[in-house]
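Below is one structure, written out as structure tokens, with a few remarks after it.
Only the coordinates and a few stated rules stand behind these numbers; no lab work does. Bear in mind that the values here come from a model prediction, so they are computed numbers and not experimental data. Every residue, glycine among them, receives a Cβ derived from its backbone with ideal geometry; neighbour counts consider all protein chains shown.
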Amino acid sequence: MDMRYRKTIIAGNWKMNKTASETVAFAADIRPLLPKERRCEAVICLPALNIAAAQKAFKGSRIAVGAETLHEAASGAFTGEIAAGMLKDIGVKYVIIGHSERRQYYGETDLSVNKKLRAALGAGLTPIVCVGESLAQRELGVEKELLAYQVMCAISGLSAAEMKRTVIAYEPIWAIGTGKTATAAQAGEICAHIRACIRRKYDARTARAVSILYGGSMNVGNAAELLAMPDIDGGLIGGAALKPADFAKLIELGSQVDHA
Ligand code: PGA
């Protein structure tokens with residue numbers, strides 16, 4: 001439909017997996033499997049400790065390296081944390097913000113997600129902001145209201161130009177790491193709903209420029225159907241991104257997305 005206005009992005013989220021050596025081995029394994037022609041962006045977000053090794057290992061492969069989180073402050077007494085400017089300085093482009101695991105285990109909230117998003121944009125990073133409902137919330141039938149609230153909190157205060165630089169990932173919590181994927185229709189409907197929320201706050205031009213990804217047990221078996229939905233512009237992939245052959249295949253499927 002209007003895909004040329006926005007990028008298709010196949011993003012891996014490695015979570016707390018793979019050592020630096022395993023990262024280098026993955027890069028060597030995936031290189032010969034990558035499609036020659038590529039019409040989508042490919043990125044792997046991985047533990048900050050291994051970013052430098054990954055950048056070296058993926059050089060020339062057109063797989064960008066991203067981070068999994070950041071701290072909202074520019075610097076200061078925040079032991080163990082990493083600032084947006086530090087990521088930018090070493091050439092990182094993408095950063096995941098507000099993943100449901102960060103919200104669940106590390107107390108991230110809609111408010112802190114907004115602060116982190118602004119910090120990322122301020123440093124010139126491309127944020128991938130995660131939103132999604134729990135099973136209980138879906139069973140109550142409040143997922144659309146909840147998603148609108150999460151997205152509105154996350155993007156509060158953003159200019160239209162900043163909104164266009166922001167990637168949203170819809171990840172229903174009940175589908176993450178469970179093998180239980182949302183149907184293409186369910187995921188497509190929510191991604192369209194998120195785009196409509198952005199359109200209402202900004203305008204149609206801004207809304208059609210935002211890449212909206214689906215995440216939650218996306219794999220080589222279900223990706224084509226999900227990526228065929230007009231408002232799904234790629235995937236945020238956990239488990240399947242840890243396997244070179246699967247991730248290469250997902251990049252190939254992302255390359256074939258043509259909603260025109
Ligand atoms: P999954 O993880 O693909 O393993 O479900 C997705 C995510 O948490 O981003």
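Numbers for the structure displayed
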quantity	calculated
Principal axis dimensions, largest first and in whole angstrom, of segment 82-129 by Cα	29, 16, 15
Label-zone membership for segment 193-212, site ALA160, 7 angstrom Cα→C-beta point, backbone N under 20 Å	194-212
Listed pairs LYS180/LYS243; LYS56/LYS115; LYS144/LYS249; LYS115/LYS180; LYS144/LYS164; LYS164/LYS243 exceeding 28 Å between Cα atoms	LYS56/LYS115; LYS144/LYS249; LYS115/LYS180; LYS164/LYS243
Sorted by Cβ neighbour density within 10 Å, fewest at the top, the residues LEU121, LEU135	LEU135, LEU121
Spin-label model distance (nm) - THR79 vs GLU139, 7 Å beyond Cα toward Cβ	4.0 nm
J(HN,Hα) series, segment 31-41, from Karplus relation 6.51 cos²θ - 1.76 cosθ + 1.60, nearest Hz, glycine and proline x	3, x, 8, 6, x, 5, 8, 9, 10, 10, 7
Amide H contacts of ILE96 (H built 1.01 Å from N, under 5 Å, at least 5 apart or other chain)	ALA67, GLU68, THR69, ILE128
More than 25 Å apart - percent of Cα-Cα pairs taken over segment 1-133	28 percent
Environment charge at ASN17 (Cβ cut-off 13 Å; Lys +1, Arg +1, Asp -1, Glu -1)	0
P(r) of the chain over all Cα-Cα pairs, binned every 5 Å from zero, in whole percent	1, 6, 14, 19, 21, 18, 13, 6, 2, 0
Shape call, segment 1-79: gyration tensor on alpha carbons, a/c limit 1.5	oblate
Cut-off under 5 Å, modelled amide H: who pairs with GLU171 long-range	VAL131, GLY132, GLY215
Cα-based equivalent ellipsoid, segment 44-121: semi-axes from gyration tensor eigenvalues, Å	22, 14, 11
Scaled radius of gyration (Cα, divided by 2.2 N^0.38 Å) that segment 145-257 gives	1.06
Karplus (6.51, -1.76, 1.60) ³J(HN,Hα), θ = phi - 60°, over segment 86-91, in Hz, Gly and Pro reported as x	5, 5, 4, 4, 9, x
Burial ranking of peptide ranges 231-237, 47-53 (average Cβ count within 10 Å, highest at the top)	231-237, 47-53
Order of THR19, THR69 under a 10 Å beta carbon neighbour criterion, fewest first	THR19, THR69
Whole-Hz ³J(HN,Hα) from phi, Karplus 6.51 cos²θ - 1.76 cosθ + 1.60, for segment 181-197, glycine and proline x	8, 5, 5, 4, 5, 4, 5, x, 5, 5, 5, 5, 5, 5, 5, 5, 4
Local electrostatic count at ASP29 - Lys and Arg +1, Asp and Glu -1, tallied over other residues with Cβ under 15 Å	+2
